[in-house]
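Q: Quick one: this structure, given as structure tokens, is what I'll be asking you about.
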Amino acid sequence: MPYQGLIHRYGPYLNLPAHTQIVSLLEGNTPLVPLPGLARELNCELFVKFEGLNPTGSFKDRGMTAAISEALGRRVKTVICASTGNTAASAAAYAARAGLRCIVLIPEGKVATGKLAGAIAYGAEVIQIQGSFDDALTLVVEITQKTPIALVNSINPYRIEGQKTSPFEICDEFGSAPDWLCLPVGNAGNITSYWAGFKQYQKGLPRILGVQAEGAAPLVLGRPVEKPETIATAIRIGKPARGEQALEAAHESNGKIIAVSDAQILDAQRILASEGLWVEPASAAGLAGLIAETGSDRIEAKGRRVVIVCTGHGMKDPSIITESFEIPQVIPADYQTLFDMIGG
Ligand code: F0G
């Protein structure tokens, strides 16, 4: 039987209401790509759950198939979200598929080009606000409390249901949960979903390493960050909606939440690219955290199976690369010039 998407595959494990009307782009079913080079260095078994290969290029599609399917089934006409970009593109695509109006609020000037372009291409009404993601989230919560517009941020419980499918896939592929799972933490919906999914599936529990960017690390600091700042704009969030649950996941799993610098994130992005995986900066935070922690053996990765979740594709944020690279050399379209330049 051809693949029919996540709700079809894992429906019995997802707490979705009977009125749910499936809207799918055949999301999920993403590969666990081994990283043999780095695994040798870190002396562990290492895999990337490459969520950038979802239909809109990020893990958000898992939760969005569930949230939009539920909204459509209850005859919602309009959906809205606040977003650092990926949720916006995903909501826009699934709303388009379902024939719903989609409004997205983004922080002015802080959304990577590939995400903004996606949201516009799929036909969302994009509004920039003079404020942060956290301000945008406050606004969309208020408007959905006062109007029939449906909220599709990860405060929506069906988003969490959909995102549980990634831990299900990991357990199905390996036969059990890995020893460690490392992932970036922004608004904290994803870490909450992974922990809920592993607990529900009963194939063992990983220890969870949640990683924030140093300039946007409220869960590490233990207080909200009023003006979060990081090059990893996807996780530029100062007041995570599911912060409590993120801390619980780290604590219950005997894991931790740590912060890494932008330089460590960019290094991890380069390392992943050197093994053939181009991910957006926030997506590299999980690996940056793993490297920071294994350096001193603090997470005892040796001999263990470790999965790092790479949440979004590198093509989401091309300017992080193009702003820093040297413009490729220009030569005449001439064989001898080419040969002289590159050698034999
Ligand atoms: N990685 C990427 C690429 C993201 O886009 C996000 C969140 C995260 C990690 C963090 O996930 O919020 O569940 O802890 N992006 C949201 C958005 C906020 O609007 O696209 P989280």
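The values are calculated or read from the model by the stated rules, or taken from the named source; none is laboratory data. On a predicted model such as this, the values are computed, not experimentally measured, just so you know. Virtual Cβ from ideal backbone geometry, glycine too; neighbours counted across all protein chains shown. The area values use the complete protein model at the heavy-atom level, side chains included, leaving out ligands, DNA and RNA. Shrake-Rupley method; radii C 1.70, N 1.55, O 1.52, S 1.80 Å.
Q: Of A95, G73, Q4, which is farthest on the positive side of the dipole of the chain, counting Cα position, with +1 on Lys and Arg Cβ, -1 on Asp and Glu Cβ, and the Cα centre as origin?
A: G73
Q: For D135 and H251, what is the calculated FRET efficiency with R₀ set at 22 Å and r taken between the beta-carbons, to the nearest 0.05?
A: The pair D135/H251 has a calculated efficiency of 0.15.
Q: Another one. For the stretch 124-167, with only Lys/Arg (+1) and Asp/Glu (-1) charged at the beta-carbon, what is the dipole magnitude about the Cα centre, in debye rounded to 20?
A: Computed charge dipole of the stretch 124-167: roughly 180 debye.
Q: A further question follows. From the backbone phi of the stretch 97-103, what are the Karplus-calculated ³J(HN,Hα) couplings (6.51 cos²θ - 1.76 cosθ + 1.60, θ = phi - 60°) in whole Hz, Gly and Pro given as x?
A: Using θ = phi - 60°, the values come out as 4, 8, x, 9, 6, 10, 10 Hz.
Q: Please turn the phi angles of the stretch 202-207 into ³J(HN,Hα) values with the Karplus equation 6.51 cos²θ - 1.76 cosθ + 1.60 (θ = phi - 60°), one per residue in order, whole Hz, x for glycine and proline.
A: Calculated HN-Hα couplings, in order: 6, 10, x, 10, x, 8 Hz.
Q: What dipole magnitude, in Debye to the nearest 20, does the chain give about its Cα centre under +1 on Lys/Arg Cβ and -1 on Asp/Glu Cβ?
A: With Lys and Arg at +1 and Asp and Glu at -1, about 1220 debye.
Q: With a 1.4 Å probe and all protein chains left in place, how much accessible area per residue does the stretch 60-156 have, in Å²?
A: 38
Q: While we're on this one: How large is ³J(HN,Hα) for each residue in the stretch 22-29, as worked out from phi by the Karplus curve 6.51 cos²θ - 1.76 cosθ + 1.60 (θ = phi - 60°), to whole Hz, x for Gly and Pro?
A: 4, 10, 9, 10, 6, 5, x, 6
Q: When the chain is fully extended, how far beyond the present Cα-Cα distance does T322 get from I127, taking 0.36 nm per residue of separation?
A: Stretched fully, the T322-I127 segment lengthens by 67.6 nm.
Q: Of K239/K316; K146/K239; K199/K302; K227/K256; K77/K227; K77/K203, which ones are farther than 28 Å apart at the Cα?
A: Among K239/K316; K146/K239; K199/K302; K227/K256; K77/K227; K77/K203, the Cα-Cα distance tops 28 Å for K77/K227; K77/K203.
Q: Please report the relative contact order for the stretch 60-156, taking Cα pairs under 8 Å with a sequence separation of at least 6, and give it as a percent rounded to a whole number.
A: Value for the stretch 60-156: 34 percent.
Q: Would you mind calculating the relative contact order of the stretch 177-335 from Cα pairs under 8 angstrom and at least 6 residues apart, reporting the percent as a whole number?
A: Result for the stretch 177-335 is 28 percent.
Q: Test of the criteria: in the stretch 155-221, which trypsin sites (Lys or Arg not before Pro) are in a DSSP loop and have at most 16 other Cβ atoms within 10 angstrom of their Cβ?
A: Sites meeting the loop and neighbour criteria: K203.
Q: Let me ask something additional. Give the carbon-plus-sulfur fraction of the accessible surface of the chain in %, rounded to a whole number; probe 1.4 Å, heavy atoms of protein chains only.
A: On the chain, the fraction of accessible area on carbon and sulfur atoms equals 53 percent.
Q: Separation of the stretch 297-344 and the stretch 204-219 by C-alpha centroid, Å?
A: 26
Q: Find the relative contact order for the chain and round it to a whole percent, using C-alpha pairs within less than 8 Å whose residues are 6+ positions apart.
A: 19
Q: Longest span of the chain, sites excluded, free of GluC sites (Glu not before Pro) in DSSP loop with at most 14 other C-beta atoms within 10 Å?
A: By the stated rule (loop sites, at most 14 other Cβ atoms within 10 Å), 109-225.
Q: Something else about it: Could you tell me which chymotrypsin sites (Phe, Trp or Tyr not before Pro) in the stretch 1-32 are loop residues by DSSP with no more than 15 other beta carbons within 10 angstrom of their beta carbon?
A: When the chymotrypsin sites (Phe, Trp or Tyr not before Pro) of the stretch 1-32 are filtered for loop state and at most 15 Cβ neighbours within 10 Å, Y3 remain.
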